[in-house]
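Step one of this worksheet: look at the structure below.
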Amino acid sequence: MLTLAVETSCDETALCIYSDEGGVIGDVLLSQAKVHFPYGGIVPELSAREHTRNLLPLLDKLLKETEVDLRGLDFISFTLTPGLILSLVVGASFAKAVAYLFKKPLVPVHHLEGHIYSPFLERPIEYPFIALIVSGGHTDLFLVEDFGRYTFLGGTLDDAVGESYDKTAKLMGLGYPGGPIIDRLASEGRSIYNLPRPMIEEDSLNMSFSGLKTAVRRVVESGGYSKEDLSASFQSAVMDVLEKKSLLAIEKTGVKRLAVVGGVSANSELRRRFLALSQKHNFELYIPHLKLSTDNAQMIAYAGMERFKRGVIAPEDINPEANIPLEVFGRLWS
Ligand code: KG4
Ligand code: ZN
């Protein structure tokens, strides 16, 4: 079976053609990072306009590269939720138009479900497993018992980790997206600033990162700081919290399989630390390849294929929503 997947939830316009037998046939992606860079964060209206500009040229490129005939598709997968609503609407309208024109069914995908299944594009994970989602919009721990069966274990009460990286970078005047920039600077610095690790000692799987950002602001405003050292200190605090809460989730559930997914899982210190943690505490660790950590359409295609195989087809009047919780979505459609 063959699907075309459309991902436009944030600032990456991405398309993929995927077959359940042959894997990824073709994959194209355009990042809008340069467009949002001067603003130090995503400008939602600009994001939607860039998706509108980019989708057709990207489709053209994908079809030329793969020589796939759209008439040969079995269905179209697209990101329904969560995300920037205008950006989701552009992708959904595009997916609907292709589906209508070629008389193909539409399959809605939850963006976080896409992230959770991103490691499966390389190797499947046995159920049950724990998913730590660390992205620009989310920092959540889920217990995944089967496809579509997600139990929320805990998550951030305020900023998402990626958002915290981006805001910290903005405070230091480093540009957008902040994650990769801080990742690089941190590797040249030392963790010498005493920054808080909010809620780290609490016996709960909830987290909080807004206090960390405030502490960074104080250091910045005091002047005369080292960007490298502040990056290293910030990153070290974030990783301490993520490590502690992941271990607590393993302890509380007794499930010794952890997938770390989403944009921040591209972080080099996260990868190093979690690998060491998994060896020390004897659990299985799954982190997707760098290209699959950040937003992409391959993960939407994979999750779409699983949904289609379970008989999920969207009604014609389906509309994107800014935020349908993953647990609710899982129950709605399986
Ligand atoms: O999953 P993603 O591509 O989009 C969302 O669904 O939000 O995640 C984007 C986030 C951004 O906040 C970005 O700064 C962060 O992932 N990110 C990183 C790194 N690469 C991307 N954060 C830390 N280290 C990185 N290397
Ligand atoms: Zn994402």
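Apply the Debye scattering formula to the stretch 70-123, with a single equal point scatterer on each alpha-carbon and no solvent, then give log10 I(q)/I(0) at q = 0.13 Å⁻¹.
For the stretch 70-123 at q = 0.13 Å⁻¹, log10 I(q)/I(0) is -0.37.
Report the extension gain between residue 53 and residue 327 in nm, rounded to one decimal, defined as 0.36 nm multiplied by the number of residues separating them, less their alpha carbon distance.
95.3 nm
If Lys and Arg each add +1 and Asp and Glu each add -1, what is the summed charge of the other residues whose beta carbon sits under 15 Å from the beta carbon of residue 27?
Residues near residue 27 contribute -4 overall.
If the only charges are +1 at each Lys and Arg Cβ and -1 at each Asp and Glu Cβ, what is the size of the charge dipole of the chain around the Cα centre, to the nearest 20 debye?
So the dipole magnitude of the chain works out to roughly 340 debye.
Based on the Cβ-Cβ distance from residue 188 to residue 251, what FRET efficiency comes out when R0 is 41 Å, to the nearest 0.05?
Calculated value: 0.75.
So if R0 is 22 Å, what FRET efficiency would residue 280 and residue 152 give, r being the distance between their Cβ atoms, rounded to the nearest 0.05?
According to the calculation, E is roughly 0.25.
Work from the charge dipole of the chain (Cβ charges, +1 for Lys and Arg, -1 for Asp and Glu, about the Cα centre) and give the residue of 312, 41, 193 farthest towards its positive end.
Selected residue: 193.
Compute the signed sum of charges (Lys and Arg +1, Asp and Glu -1) over the other residues within less than 11 Å, Cβ to Cβ, of residue 15.
Charge balance near residue 15 sits at -4.
Please list log₁₀ I(q)/I(0) at q = 0.08, 0.10 Å⁻¹ for the chain, using the Debye equation with identical point scatterers on the alpha-carbon positions.
Evaluating at q = 0.08, 0.10 Å⁻¹ gives log10 I(q)/I(0) of -0.37, -0.57.
Quick check for you: with a 1.4 Å probe and neighbouring chains kept, what is the accessible area per residue of the chain, in Å²?
42 Å²
Using the Karplus curve 6.51 cos²θ - 1.76 cosθ + 1.60 with θ = phi - 60°, work out ³J(HN,Hα) for each residue of the stretch 221-227 in order, rounded to whole Hz, and write x for Gly and Pro.
5, 6, x, x, 9, 9, 4
Report the number of Lys pairs in the stretch 125-287 whose alpha-carbons are under 18 Å apart, with separation of 8 or more residues or on distinct chains.
Final tally of qualifying lysine pairs is 12.
Which aspartates and glutamates have a Cα less than 16 Å from the Cα of residue 309, not counting those fewer than 8 places away in the same chain?
Answer for residue 309, where 16 Å is the Cα cut-off: 20, 21, 74, 113, 146, listed by chain and number.
Excluding residue 189 itself, calculate the net charge of residues whose Cβ lies under 14 Å from the Cβ of residue 189, where each Lys or Arg counts +1 and each Asp or Glu counts -1.
-2
Once you have the Cα-Cα distance between residue 310 and residue 123, take 0.36 nm times their residue separation minus that, and quote the gain in nm to one decimal.
65.3 nm
Residue by residue through the stretch 129-141, what is 3J(HN,Hα) from phi via Karplus (6.51 cos²θ - 1.76 cosθ + 1.60, θ = phi - 60°)? Round to whole Hz and write x for glycine and proline.
Once rounded to whole Hz, the list reads 9, 9, 10, 9, 9, 10, 10, x, x, 9, 9, 9, 10.
Where the accessible area of the chain is counted over protein heavy atoms with a 1.4 Å probe, how much of it, in %, is carbon and sulfur?
It is 52 percent, rounded to a whole number.
The values are calculated or read from the model by the stated rules, or taken from the named source; none is laboratory data. Worth saying up front: this structure is predicted, and the values here are computed from it rather than measured. Positions of Cβ are generated from backbone atoms using ideal geometry, with glycine treated the same way; all protein chains shown enter the neighbour counts. Please note that ligands, DNA and RNA were not included when accessible areas were found on the heavy atoms of the full protein model with its side chains. Shrake-Rupley method; radii C 1.70, N 1.55, O 1.52, S 1.80 Å.
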